[in-house]
Structures are given as structure tokens and as C-alpha cells.
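First the structure, in the form of C-alpha cells, and then the observations on it.
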Amino acid sequence: MHPVVDVIRAELGDVAVLTGEDVAARPVSRIIKSGCAAMAIVRPKSTQEVALVMRLCHEAGIAVVPRGGMTGLVGGSLVGPDEIALSLERMTRIEEVDLLTQTMTVEAGVPLQAIQDAAEAHDLLFPLDLGARGSATIGGNIATNAGGNKVLRYGMVRDMVLGLEAVLPDGEIVSSMFKILKNNTGIDLKQLFIGSEGTLGIVTRAVLRLQPAPRSRQTMLGAFRDFDAVTRTLAHMRAASGGNLSSYEVMWRDYYLLLTAPDRHAPPLDQAYPFYALIECEGADPAGDDAAFQSHLETAMERGWLADAVIARSEAERQQLWRIRDDVHYLLTLSPLFVFDISLPIAEMDSYVANLRVALEQRWTAPTLISYGHLGDGNLHLALSCGTVADKEAVERLVYEPLQAFRGSISAEHGIGVDKKKYLGITRTPAEIKLMRALKMAIDPAGRLNPGKIV
């Protein structure tokens, strides 16, 4: 083991440094629950301690890989035996909720759900929401520019961060902890770190933008006879809801069948339809919003778009409908399992999925293709099971290469990490990749912060 580990232990204390079996017991990834190969896991409890660790590792020539809640799916936190993993799991303070500016100041290790709960306790809303809310940390959400279920209305994480603090690879602290909405004083430095997957700096604190808590919420699951009806209803709900539409989650029949199989979730609608969508609006007028939502759905039915629907009449019913969308762990019943997170124009989605199905069937016997996603923002999730694990690259090429024709993205919200690195050129131009590499070289010339990720 490198002597720098003992130096860090002497500076931060025994509780801050894990080695040996304690490291091996930690997860490799979201899927592999143990076997972490890091030289050590270091757990600082403040920005200053993160800076000290980074400075010591920089001077010793040791690479550092940041770790959040380990909910990523692209190998963004993979760490080798000659590298130190840096976890912010002890940095979990919610420092302040400012009711006047509607902001929350947090440390990067706070779980997303704790932030949501803290906002709710003050009659406010932190609108980022995703299935891994109980495990994912805000630092990881920021590092990957997380999206989730409400991007349609509130945007991505970069739209929810007013300020942040980060530690550079050499240990220098960059603090841009602003609470203000308008700040045109040169380059917006926080955006360098949002979505950079811990390759340019380690986010340690953030100022989050909150929203007023909704006074009303209307949720329904709808069934559709074709994809055109799905998109027409989306356009109708956008126009008619007056900005209240917050979620429009589409599910192809294969996904609905998987989640409503025996001993899983009871199907609230007949399983014969080709498409389903979970639609949710949030507003400020409970009585008026309920009536308007009902009217919007009646219009969609009258026009022949919405074939059938069930509306949640209680919070318990709402949660049950959302579980059909969120309980993606049932995908783990597939083997082998290949998962993808892509973006493409909404108008291209149906034909893209149909063409992908044909391509899979031409190559493998009885392949499984399960499609679902955040239709309103063009984000499609795919789960495939075909061939063997050795066919991973062949499957990836079938999924990614068609995206280039209509400027789609190989990663909508999961990031690039290691897994998607070689396909970055499908979405990004050579000039864009060159600029990314120049930024990395300028900030981390030795390449020791989360090495080998993105570019």
C-alpha cells in the first residue's frame, strides 16, 4: 500500500480511512454489490479535508476516484487497485433552508430523498426525482447532471443549482456558493463541474434552487392504441395544462407486462394495449386543477387518442401507479441484461424501437426488448436480453449507431463513464471532443482525477 494512505490516516483519523476487507465489502457498482478494488476508501467530513486529501494524492502521484451513492450505470465510479476512492458519505449536512430566496445549502453527500423531505417540511419542493432517490447523493446527481421524472417541467440538475463548491485535482478550492439567480460575471464556472462526472473537480457543497410545493397533484395511467395517440396526447396536455404538466412517462407494452406480471403489480388497465403513459400535473388550485385535468382527459378520449385510463384518487393510489413506472429492479430478472439510456427526437422514437427490434431478431433468437422512458423530454430507456454477455459490443452498436442520423444522444441522463466512452463520437463532433480534452488537460494535466472516464 502506498505511504500516502498512512499520511491521510494520520491527518484525518482512523474513521476516515478504510482498507483491506472493509474496502472489499463495498460495492463495485450498482449491480456488483461487493468487491471494490480500491487501494483505500477515504471519507473526509469537510471541504477542507477533501482539499487536503487531493493535495496529498496530487503530490504523491496517486489517482483519486470520487464515489457517490453508487447508483450509476455507466462505470463512472470504477476504481483500480492503485487508486484511492473518495467517498463523501460523511458529508451529509443540510446547512440551511432559506425561505426568502427559496434555496437550500447542502453538503454533497446528502441523499436526494433527504433533500426532498427537508424541502417538503418547509412547504417547498426540490423537483429532482428519480427511482434511486433513497440512495443517490446530491453530489452524484450534480456530477452526472441527473434528469429523472420531472425534466419536462423543471429541467435537469444544472437548472436547479445556483451555486457550488468544488475541489480541483491539486487540492485548490473553488467556491461559487451564490444564492442569486442573475450573475453575469464571466464564465459560469459551476457549469464546468455539473455533468463532468468528477473528472474536473469534486463537488463538496451546493446551493440548490427550490420551488413552491404544489397545492394539487393529478396523476393518471393511460392506455393508447398507437404511438401517434401517445404524442398527440402529450401535445394536448402540454397546451391545455397551462404549464402544470410535470411528468409524461411512456411505457411500451413489454415494460407494462414485465411490471404487472403475477406476484408483482396488479395491472390497473388491460394488458393488451401497445402503449401506456403515466401522466402527472402539479398546480396551485386543487378544485380547479382536478376539474381541468378531468376535462383534458375527456377531450383526449373524445378525439380517440386515449383508449382507457385510471385516475389516482388518493396518495396511496398515486404511489401505486408510480411504482409501476419506478420499480425497474424487475429488469434484473433478465439475463443477460443490457441497459441503455438514450435521447432522440420524439417523432423518431416509434420507428427507432421497431427497427431495433427487427435488427435484434435478425441476429438472435427470441430477443427481449423492453422500452420505456421520459417521453416529454425525448429520453428513452431500453433493456435488452439476447445472446450472451460476450455480445455486449454488438448490442451496443445496434442501439447507438442509428442515433447519429438524427443527432440523438447515447446518454440522456446516466453520463458516459467508461461504458459509453468509445461511442462518444456518435453524439459529439471531433471539435467538441477536442475541447473537452483541452478542458481536462487544463484543469487536470496529470489525468489523476477519475481517470479514464468520458474522454
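Every number in this text was worked out from the coordinates using simple rules, so none of it is lab data. Note that the structure is a prediction, hence the values are computed from the model and not measured. In this analysis, Cβ positions are derived from the backbone assuming ideal geometry, glycine residues included, and neighbour counts consider all displayed protein chains.
Roughly how many Å is it from the Cα centre of the stretch 279-321 to that of the stretch 334-373, as a whole number?
Computed from Cα coordinates, the inter-centre distance equals 30 Å.
With +1 assigned to the C-beta of every Lys and Arg and -1 to the C-beta of every Asp and Glu, and no other charges, what is the dipole magnitude of the stretch 86-244 about the Cα centre in debye, to the nearest 20?
About 620 debye.
Considering amide H positions built from the backbone, and no H for Pro or chain starts, which residues 5 or more places from V17, or on another chain, come under 5 Å of its amide H?
R43
Quick check on the stretch 3-87: take the gyration tensor over C-alpha atoms, sort the square-rooted eigenvalues as a ≥ b ≥ c, and tell me if it's rounded (a/c under 1.5), prolate or oblate.
On the way: a/c = 1.75, a/b = 1.62, b/c = 1.08.
Since a/c reaches 1.5 and a/b is larger than b/c, the shape of the stretch 3-87 is classed as prolate.
Can you list residues from other chains, or at least 5 along the same chain, whose modelled amide H is less than 5 Å from the amide H of S247?
Residues meeting the amide H criterion: E280.
Check each of the trypsin sites (Lys or Arg not before Pro) in the stretch 141-217 and keep only those in coil by DSSP with at most 10 other C-beta atoms within 10 angstrom; list them in order.
K182
To the nearest 10 degrees, how steep is helix 286-302 against the longest Cα principal axis of the chain, on a 0 to 90 scale?
The helix 286-302 is inclined about 60 degrees to the chain.
Assuming R0 = 25 Å, what is the FRET efficiency of M441 and E361, from their Cβ-Cβ distance, to the nearest 0.05?
Between M441 and E361 the formula returns 0.05.
Charges at C-beta only: +1 for Lys and Arg, -1 for Asp and Glu. How large is the resulting dipole of the chain about its Cα centre, in Debye rounded to 20?
Dipole magnitude for the chain comes out near 780 debye.
In percent, how large is the relative contact order of the chain, given Cα pairs closer than 8 Å and 6 or more residues apart? Mind dumping the intermediate values first?
Numbers: 905 pairs, mean separation 68.9, N = 455.
Relative contact order for the chain comes out at 15 percent.
Dipole of the chain (Lys/Arg Cβ +1, Asp/Glu Cβ -1, origin at the Cα centre): which of V106, V328, T144 lies farthest to the positive side?
Looking along the dipole axis, the top candidate is T144.
Per DSSP H run of n ≥ 4, the term is -39500 (n - 2.57); total these for the chain, divide by its residue number, and report the mean residue ellipticity at 222 nm rounded to 500 deg cm²/dmol.
Working: 15 runs with 144 residues, N = 455.
That comes out to -9000 deg cm²/dmol.
If you place +1 on the Cβ of every Lys and Arg, -1 on the Cβ of every Asp and Glu, and leave all else neutral, what size is the dipole of the stretch 216-326 about its Cα centre, to the nearest 20 Debye?
It comes to approximately 180 debye.
Short version: ³J(HN,Hα) in whole Hz for each residue of the stretch 106-120, in order, from phi by Karplus 6.51 cos²θ - 1.76 cosθ + 1.60 (θ = phi - 60°), x for Gly and Pro, what are they?
9, 7, 6, x, 5, x, 4, 5, 5, 5, 4, 5, 5, 5, 4
Counting pairs of alpha carbon atoms under 8 Å apart in space and at least six apart in sequence, what relative contact order in percent does the stretch 3-87 give?
Once normalised by length, the contact order is 32 percent.
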